[in-house]
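The values are calculated or read from the model by the stated rules, or taken from the named source; none is laboratory data. Fair warning: this is a prediction, and the values are worked out from it, not measured in the lab. Quick reminder, even Gly has a Cβ in these numbers, built from the backbone with ideal geometry, and neighbours come from all protein chains shown. For the accessible areas, the whole protein counts, side chains as well, though only heavy atoms, and no ligand, DNA or RNA atoms are used. Shrake-Rupley method; radii C 1.70, N 1.55, O 1.52, S 1.80 Å.
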Amino acid sequence: MTHSRNDAAAAATPPMIKFLDLAAQQQRLGPALRARIDAVLAHGAYIMGPEVIELEHALARYCGAAHCVGVSSGTDALQIAMMAEGIGPGDAVFLPAFTYTATAEVPLLLGATPVFVDIDPATFQIDPAHLEARITNIRQAGRLRPRALIGVDLFGQPAPWPALNDIAQRHDLFTLDDCAQSFGAVLDNIRLGRAAHATATSFFPSKPLGAYGDGGALFTDDANRAALYRSLRTHGEGTTRYDVQRIGMNGRLDTIQAAVLLAKLEVFDAELARREAIACAYDAGLADAVTIPARVAQSQSAWAIYPILFADQAARSAAQARMQAQGVPSAIYYPKPLHHQPAYAHAHDGTALPVSEAIATRILALPIHPDLTDAHIERVIAAVAQGR
Ligand SMILES: *Cc1c(COP(=O)(O)O)cnc(C)c1O
């Protein structure tokens with residue numbers, strides 16, 4: 001290609017659509033956001049200030065859980081929940097092979113062993129039949145104690161909790177819902193937050209309910225667990241600050257992040273509705289060109305991610321390049337299942353996980369933030385569908 005043709009192509013490219021547009025969201029939130037932050041600057045209670053308590057109450061009310069405990073990140077939420085159960089060496093923690101790295105990192109940090117489970121090829125959620133088979137394997141091998149299940153609500157959709165809870169109950173497993181991507185999603189007319197013994201979520205800026213920094217929360221209906229979570233997030237403190245009852249961590253949610261989240265919670269339902277409308281527009285525009293995401297039965301997604309499937313890796317690469325040339329961004333969640341990660345491979349027992357491996361080569365995420373315009377949506381659809 002000559003230099004002049006390159007220049008012509010560059011000039012013709014419309015501006016890049018944003019995969020995530022926090023600047024547009026900040027503008028839309030307007031003075032309410034500033035007022036919340038200014039209130040924190042005025043009272044100065046940066047650690048465990050009144051906004052943290054207000055947010056915990058608001059979030060518990062929002063999802064119907066009895067208790068909410070604000071923490072420093074989604075990863076720390078998972079870790080505190082596992083620490084509270086005393087999970088450690090010799091314990092098997094079942095979790096999907098196709099998820100964000102943090103889900104497997106936490107049991108490994110605590111000395112436990114993650115047992116990777118394959119996923120459903122249509123919904124990408126953990127496969128209950130394979131979970132049951134993996135628990136049976138581990139019991140028969142006799143080396144590890146089956147202790148816990150971390151079910152991940154992947155991409156905004158709920159995991160199949162009725163089936164997971166049935167299995168967990170029969171095998172006496174602690175259930176932890178990794179809801180980092182899916183706070184706000186609904187299953188069987190109930191918001192996530194009560195689907196498992198405990199639910200962990202993340203307020204990382206790109207999540208459906210995102211802060212302007214790190215943050216997370218734990219939800220539970222169990223008062224004893226909630227009390228342990230509060231103790232563990234503040235160095236294992238007892239009834240007074242310098243009474244250390246257990247080994248804990250510095251895992252508190254910042255007051256300023258709580259203030260940002262209180263402002264964002266006001267518009268959260270409208271944002272979820274906009275994400276749903278974008279997903280439906282993509283479904284209608286793309287169903288003939290690619291595999292559109294299957295819905296988990298009886299659920300409403302929070303649409304953290306809109307994933308499509310191509311026939312193979314070559315088709316995905318070609319589409320990504322074509323989209324990029326037209327100013328349409330995309331992302332691969334996840335290019336590698338966790339049992340193929342160099343840091344985690346040693347923990348894997350070699351069980352085949354063919355669905356996770358295949359999906360990793362075919363999946364692609366389209367932009368789905370609430371500030372996409374209808375014109376943006378049309379451009380995304382045209383870029384993906386063209387050349388099929
Ligand atoms: C983002 C994410 C986490 C971790 O949340 P952080 O707040 O970034 O620590 C854990 N699990 C899943 C599935 C996630 O997507």
Which value, in debye to the nearest 20, describes the size of the charge dipole of region 21-165 about its Cα centre when Lys and Arg Cβ atoms bear +1, Asp and Glu Cβ atoms bear -1, and nothing else is charged? 180
Projected onto the charge dipole of region 26-265 (unit charges on the beta-carbon of Lys, Arg, Asp and Glu, signs +1, +1, -1, -1), the Cα from Gln181, Gln157, Leu131 with the largest positive-side position is that of Gln181
Expressed in nm to one decimal, what extension gain is obtained for the pair Ala270 and Gln26 from 0.36 nm per residue of sequence separation less their Cα-Cα distance? 86.4 nm
Mean Cβ-within-10 Å packing, highest first, puts peptides 102-110, 22-30 in the order 102-110, 22-30
Sorted from largest down, what three extents in whole angstroms do the Cα atoms of region 268-385 have along their principal axes? 47, 34, 24
Distance between modelled label sites at Ala163 and Ala122, nm, 7 Å Cα→Cβ extension: 1.0
Can you give the relative contact order of region 268-385 as a percent, counting alpha carbon pairs under 8 Å and 6+ residues apart? 38
Could you order the peptides 69-77, 118-126 from most to least packed, using the average number of other C-beta atoms within 10 Å per residue? 69-77, 118-126
Report, in deg cm²/dmol and to the nearest 500, the calculated mean residue ellipticity at 222 nm for the chain, where each DSSP H run with n ≥ 4 adds -39500 (n - 2.57) and the sum is divided by the residue count. -13500 deg cm²/dmol
I'd like to know which of Cys280, Gly111, Ala45 lies farthest towards the positive end of the charge dipole of the chain, counting +1 on Cβ of Lys and Arg and -1 on Cβ of Asp and Glu. Gly111
In Å and whole numbers, how far do the C-alpha atoms of the chain stretch along each principal axis, longest first? 71, 59, 41
Reachable lysines from Lys336, Cα under 22 Å, same-chain residues fewer than 8 places away excluded? Lys207
Simple spin-label model, 7 Å along Cα-to-Cβ: Ala223 to Asp243 in nm? 1.8
Tell me the accessible surface of Lys336 in square angstrom (1.4 angstrom probe, heavy atoms of protein chains only), to the nearest ten. 90
I need the peptides 135-143, 371-379, 202-210, 274-282 ranked by packing, meaning the mean over residues of other C-beta atoms within 10 angstrom, with the highest value on top. 202-210, 274-282, 371-379, 135-143
Starting from the exponent 0.38 and prefactor 2.2 Å, build the expected Rg for region 44-192 from its residue count and divide its actual Cα Rg by it. 1.09
Once you have the Cα-Cα distance between Phe19 and Ala129, take 0.36 nm times their residue separation minus that, and quote the gain in nm to one decimal. 36.1 nm
What are the trypsin sites (Lys or Arg not before Pro) within region 282-351 that DSSP puts in a loop, where the Cβ has at most 15 other Cβ atoms within 10 Å? Arg295
Which three extents, in whole angstrom, do the alpha-carbon atoms of region 173-274 cover along their principal axes, largest first? 48, 34, 17
Restricting attention to region 213-253, which chymotrypsin sites (Phe, Trp or Tyr not before Pro) occupy a DSSP loop and are surrounded by at most 11 other Cβ atoms within 10 Å? Tyr242
From the phi angles alone, apply the Karplus equation (6.51, -1.76, 1.60; θ = phi - 60°) to region 173-187 and give each ³J(HN,Hα) in whole Hz, x where the residue is Gly or Pro. 9, 6, 10, 10, 8, 7, 9, 4, 9, 9, 4, x, 6, 10, 9
Centroid-to-centroid separation of region 50-70 and region 279-354 [C-alpha atoms, Å]: 33
Give, in nm to one decimal, the length gained when the segment between Cys280 and Ile53 is fully stretched (0.36 nm per residue of separation minus the Cα-Cα distance). 78.1 nm
Only Lys, Arg (+1) and Asp, Glu (-1) charged, at Cβ; region 113-172 dipole about Cα centre in debye: 400
